[in-house]
Amino acid sequence: TTQGDVLYRDGSGEARLAKGTAGQALLMNSGATAPEWGTAAGGKVLQVVSSGAIDQDYSSNATSYTAVTSHSLAITPSATSSKVFMIFSFNARSTGTANTYYTLYKGSSNLGPANGFTILHDDNAGSDTEVQCTLQFLDSPNTTSATTYALYAKSAGSGDSARVNNKSSDSVITLMEIGA
C-alpha cells in the first residue's frame, strides 16, 4: 500500500483502492460491491444571493395577495437542472381582528397554496401582535434566465392590514442555487 490508499474487504479478503485525485469523493461502484473514486453528483450550493437587511415598512389592507414592496430578489440559475432554495425571514403584524396571510411567488405564480406553506397570522393572537416568520421553499425553475421570487401578503378582512417590518424590524431574503 501507499500513503492515502484505502483498504476494504472484498469477497475473498482485503483489497486495495489506490488514493484518488484532488476533488474526488469516495463512492460506491454501480454494482454496489466496492468503493471507487469519482465526482460527487448534485446537492452542492452553486451560488448564494442575499438581500441583506431590508428595513422598509409595508402595510396593505388588500383582501387578495399583493406584493410586499421591496421584498423580492432575483437569481439566475447556471443550469436548467438546478433548484433554488429560498428563505424569506420577516416580521409579520396584523392590525385589526382579521387573519393575515403571507406566501411566496415566482414571477406571477403563487407557490404557496399548491404546496401548502402559506403562513397564517391568526387574529386570535390579538391586534398589533408581531411575530417572526420564515418561509422556505425548494423550487425547480427549469431555466437559466433571471427568476424573481417575492413575498406577498393579504388580509382576510377589509379595513384590517397585513404588515411587514412595522416596528423597525429587518427582513432578509436568501436564495441558493443547488446543483442537480
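Observations on the model:
- Taking the centroid of alpha carbons for each part, region 129-180 and region 18-65 are 21 Å apart.
- In order along region 153-165, phi translates into HN-Hα couplings of 9, 7, 10, 7, x, 5, x, 9, 10, 8, 10, 10, 6 Hz, rounded to whole numbers, per the Karplus curve 6.51 cos²θ - 1.76 cosθ + 1.60 with θ = phi - 60° and x for Gly and Pro.
- According to the calculation over all Cα-Cα pairs in the chain, the P(r) per 5 Å bin from zero is 1, 8, 14, 15, 13, 9, 7, 7, 6, 5, 5, 5, 3, 2, 1, 0 %.
- Ranked by the mean number of other Cβ atoms within 10 Å of their residues, highest first, the peptides 45-56, 150-161 fall in the order 150-161, 45-56.
- For the chain, calculated [θ]222 nm from helices alone, where every DSSP H run of n ≥ 4 adds -39500 (n - 2.57): -500 deg cm²/dmol
- With all pairs of separate Cα atoms included, region 132-180 yields a Kirkwood hydrodynamic radius of 14.1 Å.
- Charged side chains reduced to their Cβ positions (Lys and Arg at +1, Asp and Glu at -1) give region 1-120 a dipole of some 120 debye around its Cα centre.
- Dipole of region 1-61 computed with +1 at Lys/Arg Cβ and -1 at Asp/Glu Cβ about the Cα centre; of Gly38, Met28, Ala18, farthest Cα towards the positive end is Ala18.
- Solvent-accessible heavy-atom area per residue, rounded to whole Å², over the chain at 1.4 Å: 52
The values are calculated or read from the model by the stated rules, or taken from the named source; none is laboratory data. Being a predicted model, the structure only gives us computed values, none of them experimental. Methodologically, a virtual Cβ is constructed for each residue, glycine included, from the backbone with ideal geometry; neighbour enumeration extends over all protein chains shown. Quick note on the areas: whole protein, heavy atoms, side chains included, nothing else; ligands and nucleic acids left out. Shrake-Rupley method; radii C 1.70, N 1.55, O 1.52, S 1.80 Å.
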